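Since the structure comes first, as structure tokens, the remarks are kept for the end.
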Amino acid sequence: LRSYSFRIPLSLAHPFYHLALEMATPQKVSVVLNTPNDWDEWIQVVKTQAIAGDIWDHVDPKRDQIPTLGKPELPKPQNVNREKNTYAELTAEEKEEFRMIRQDYKQQFDLYERQRAALASLRAYIQSSVSRNCLYYTFECETARDMLIELQKRFKPTDQLRELDLAVKYQKLKK
């Protein structure tokens with residue numbers, strides 16, 4: 001008689017294997033702005049969204065001056081030679097320079113379009129991540145940055161509020 005032995009991987013035989021697998025699987029976490037206690041986490045999630053779209057500098061509510069998102073200007077033959085109005089009038093060397101300028105323009109335009117789309121997405125994201133009873137703070141705001149400024153005014157905890165909160169938590173721990 002032959003004897004066969006089957007080995008069950010230890011990880012599958014362990015009674016908590018499935019629980020460990022569920023815990024290891026990343027979960028999408030939603031942070032909803034509802035109270036000042038939510039502000040720090042919420043603004044970090046918004047910042048992550050904005051950085052991913054390369055627009056944080058355009059929406060950062062802490063900054064006094066923000067760069068404007070301007071549509072790049074389409075190059076003209078005059079950018080290479082002020083005296084020439086058409087591409088056909090340019091010399092071979094000037095045409096090559098013009099092609100390089102056009103290529104740079106296309107890259108700038110693509111960046112502009114991506115950032116414009118990211119700003120629109122961020123605006124929608126902000127409104128979708130604010131609780132319903134706080135949503136009206138985003139109404140009448142022209143830009144995502146305006147929304148962040150309005151929400152910051154109402155939800156960013158002051159130092160005094162943070163100290164009071166810590167004192168309350170400390171008192172509870174002492175008991």
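Principal axis extents for the stretch 62-112, Cα atoms only, whole Å, descending order, please.
50, 20, 13
Top to bottom by accessible area (1.4 Å), largest first, where do 48, 91 land?
Solvent-accessible surface, decreasing: 48, 91.
What is the sum of charges, Lys and Arg at +1 and Asp and Glu at -1, for the other residues whose Cβ falls under 12 Å from the Cβ of residue 103?
It works out to a net charge of -1.
Under a 1.4 angstrom probe, counting protein chains only, how are 86, 68 ranked by accessible area, largest first?
Accessible-area ranking of 86, 68, largest first: 68, 86.
What order do 126, 149, 66, 51 take when sorted by accessible area (1.4 Å probe), most exposed first?
Ranked from most to least accessible, the order is 51, 66, 149, 126.
In percent, how large is the relative contact order of the stretch 61-113, given Cα pairs closer than 8 Å and 6 or more residues apart?
In percent, rounded to a whole number, it is 41.
Taking only C-alpha pairs under 8 Å that are 6+ residues apart, what is the relative contact order of the stretch 33-92 in percent?
Contact order relative to length: 14 percent.
Test of understanding: express the Cα radius of gyration of the stretch 72-173 as a ratio to 2.2 N^0.38 Å, with N the residue count.
This ratio for the stretch 72-173 stands at 2.00.
If each residue of separation counts as 0.36 nm, what is the full-extension length gain between residue 45 and residue 89 once their alpha-carbon separation is subtracted?
10.6 nm
Which whole-number percent is the relative contact order of the stretch 45-175 (Cα, under 8 Å, 6+ apart)?
26 percent
Measuring from label point to label point, each 7 Å out along Cα→Cβ, what is the residue 140 to residue 81 span in nm?
5.8 nm
What nm value, rounded to one decimal, do you get for the distance between residue 165 and residue 107 when each label is placed 7 Å out toward the C-beta?
About 4.4 nm separates the two model spin labels.
Looking at the stretch 70-104, which trypsin sites (Lys or Arg not before Pro) are in a loop (DSSP not H, G, I, E or B) and have at most 12 other Cβ atoms within 10 Å?
The qualifying sites are 82.
For the stretch 141-175 and the stretch 120-139, write down the distance between their C-alpha centroids in whole Å.
Here the two parts' Cα centres lie 18 Å apart.
The values are calculated or read from the model by the stated rules, or taken from the named source; none is laboratory data. Because the structure is predicted, anything quoted here is derived from the model rather than measured. Don't worry about glycine lacking a Cβ; one is built from the backbone with ideal geometry, like all the others, and counts go over all protein chains shown. Ligands, DNA and RNA are stripped out before the accessible areas are found, and what is left, the full protein with its side chains, is counted by its heavy atoms. Shrake-Rupley method; radii C 1.70, N 1.55, O 1.52, S 1.80 Å.
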